[in-house]
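The values are calculated or read from the model by the stated rules, or taken from the named source; none is laboratory data. This is a predicted model, so every value here is computed, not measured. Every residue, glycine among them, receives a Cβ derived from its backbone with ideal geometry; neighbour counts consider all protein chains shown.
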Amino acid sequence: MKTKTSSIGAGELTRAAGPRASRTSPRRGSLVSALVIGAMLVACGSKGRPARPVAAASVSDRCPDLAQTDELAAFDFASEYALSRDAAEKLKAAALAAMEIGALADKLDADFGIACAQIAHDLGDKGDWRSANEACGAAIKAVQEARAKLGPKARAQLVVRRPVCLADASLVTKCASICDSSVPAGKLRAECANKAGRCDGNCDGACEPKGAVKCDGVCSGTCEGTIKGTCGGRCKGTCDGKAVNGGCIGVCVGTCDRGAMTGECKGACSGTCELAAPGICDGVCAGSCTVELADVKCAGDFKPPEVSTDCRARCDLAVINNTECSTPQVGFVVTGAKDRETGEAMKSAIDKSFPALLKILQEVGDHGSKRVHNAQAVIESARTGFREMARSGGAGSAAASEAQLVKCFDEPFKKAAAAAAVVETGIDQAIGVRDEAAK
């Protein structure tokens with residue numbers, strides 16, 4: 001058919017059309033010829049014709065501000081960089097985790113640095129440290145050296161009033177909605193493991209009052225009156241049944257001065273009262289209430305929604321960065337010290353500087369170091385996966401997409417991963433300072 005078609009000229013088409021067609025102008029005849037030939041070509045099929053090229057998705061040259069949560073939340077990683085939805089959300093979660101790591105690094109360097117430097121200075125080390133990790137390393141060494149001076153027969157005890165720590169109850173729900181769109185909106189709600197707030201009825205749980213109050217239960221803090229329990233200061237009365245006017249590593253019955261206590265308090269309790277029975281709480285009630293709690297916060301961990309591991313790693317850090325703890329009360333007591341002056345110096349340093357150190361450790365939480373490590377892994381996985389992410393949007397845009405991802409995120413992600421390693425070490429060192437004193 002192709003040979004036959006190619007042999008038909010414009011004149012032959014005119015003659016075949018008859019007398020009417022012969023009156024058609026040469027220009028119109030040419031147009032008719034072209035249309036007929038085109039129709040015949042279509043009828044014979046279009047095999048061998050090159051496919052029309054598909055335009056590659058365009059890749060933006062914009063880089064989001066990694067220090068601005070709102071900008072990262074609104075930034076459309078998929079359309080800006082021609083990525084699949086899954087790749088875009090992996091990149092967004094890593095960018096948000098990098099932002100949280102930066103905020104946490106700044107916070108810990110300031111808080112740990114001040115507390116650890118104070119402890120080291122009070123125990124005789126007059127160094128000048130450039131970072132919190134250096135200061136906390138010096139504090140560990142100073143505490144170890146001070147304990148060595150106490151002698152082998154010395155016994156020490158650290159008494160701490162565990163503070164109430166609060167975070168916005170909607171924090172994780174908001175966080176999850178930003179970094180994982182695969183979860184239906186109705187399933188994004190994150191529940192508090194423990195709630196706290198203002199109780200206008202009777203509180204059943206722990207009460208952190210606004211001031212000193214009578215505590216019918218276990219007082220953890222300081223007591224203006226007689227106690228029966230653990231004393232982190234000077235016990236005046238009996239210690240395990242023996243008369244004492246000093247340090248007591250055992251059960252103190254009497255008064256406890258210059259330090260925190262935990263136990264029964266017959267006077268006014270300042271700190272936290274674990275209520276023996278539901279009662280009035282003029283402050284923060286961490287537990288349940290006979291009426292609905294007001295100004296509800298989360299006191300403790302969240303029960304998170306089933307989001308991706310990348311998204312959860314970021315949200316775990318957001319909880320750390322947005323948790324606020326009250327300042328704990330601390331008491332340190334040493335008995336049997338060979339060097340009494342060193343024992344007094346240790347007590348003074350720990351009583352003064354440990355509240356700030358322990359406050360930030362409470363805000364970081366028992367799993368803080370692991371959560372930082374998880375976030376670091378998310379950031380590193382994204383940074384080493386730029387090529388795979390770029391290919392997810394198609395071969396046509398892959399090269400441009402990868403180049404843009406490297407340009408915008410490679411260096412910030414490297415810095416964030418390095419900062420995460422410093423933060424993890426810092427948390428471990430701060431725990432080491434605490435544990436050295438508590439031995």
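A few remarks follow.
- If you go through segment 300-347 and keep only what is within 30 Å of Ala146 (Cα to Cα), among the acidic types (Asp, Glu) and not in a helix (DSSP H, G or I), you end up with just Asp339.
- Number of residues in segment 115-157 that are among the hydrophobic types (A, V, I, L, M, F, W, C) and within 14 Å of Gln429 (Cα to Cα): the value is 13.
- Some residue of segment 377-388 being part of a helix (DSSP H, G or I), of a type in the set (Asp, Glu) and buried (at least 19 other Cβ atoms within 10 Å of the Cβ): no
- In segment 268-278, the qualifying residues are those that are surrounded by 17 or more Cβ atoms within 10 Å (Cβ to Cβ) and out of contact with any Pro (no Cβ under 9 Å at 6 or more places or on another chain), and the one that is farthest from Leu317 (Cα to Cα) is Pro278.
- Checking Asp128 against (1) under 30 Å from Asp310 (Cα atoms); (2) surrounded by fewer than 24 Cβ atoms within 10 Å (Cβ to Cβ), the condition it does not meet: (1)
- Residue pairs whose Cβ atoms lie under 9 Å apart, sitting 6 or more positions apart in sequence or on different chains, and linking a residue in segment 284-309 that is over 21 Å from Gly271 (Cβ atoms) to a partner that is of a type outside the set (Gly, Ala, Ser) and surrounded by fewer than 12 Cβ atoms within 10 Å (Cβ to Cβ), are Pro305/Lys187; Glu306/Lys187.
- Residue in segment 143-150 that is surrounded by fewer than 22 Cβ atoms within 10 Å (Cβ to Cβ), at pLDDT below 95 and outside any helix (DSSP H, G or I) present: no
- Subset of segment 284-301 that is surrounded by fewer than 21 Cβ atoms within 10 Å (Cβ to Cβ) and out of contact with any Gly (no Cβ under 7 Å at 6 or more places or on another chain) - its residue that is farthest from Lys174 (Cα to Cα): Glu292
- Test: residue in segment 407-419 that is surrounded by 15 or more Cβ atoms within 10 Å (Cβ to Cβ) and in contact with a Ser or Thr (Cβ under 8 Å, 6 or more places away or on another chain): no
- The residue pairs whose first member lies in segment 363-381 and is in contact (Cβ under 8 Å) with a residue 24 or more places away in the chain, whose second member is among the polar types (S, T, N, Q), and whose beta carbons are closer than 7 Å, counting only pairs six or more residues apart or on different chains, are Glu363/Thr323.
- Filter result (surrounded by fewer than 19 Cβ atoms within 10 Å (Cβ to Cβ) and either at pLDDT below 95 or not polar (S, T, N, Q) (or both)) within segment 82-101: Arg85, Asp86
- All told, Lys236 falls short of being without any contact (Cβ under 8 Å) to a residue 12 or more places away in the chain and basic (Lys, Arg).
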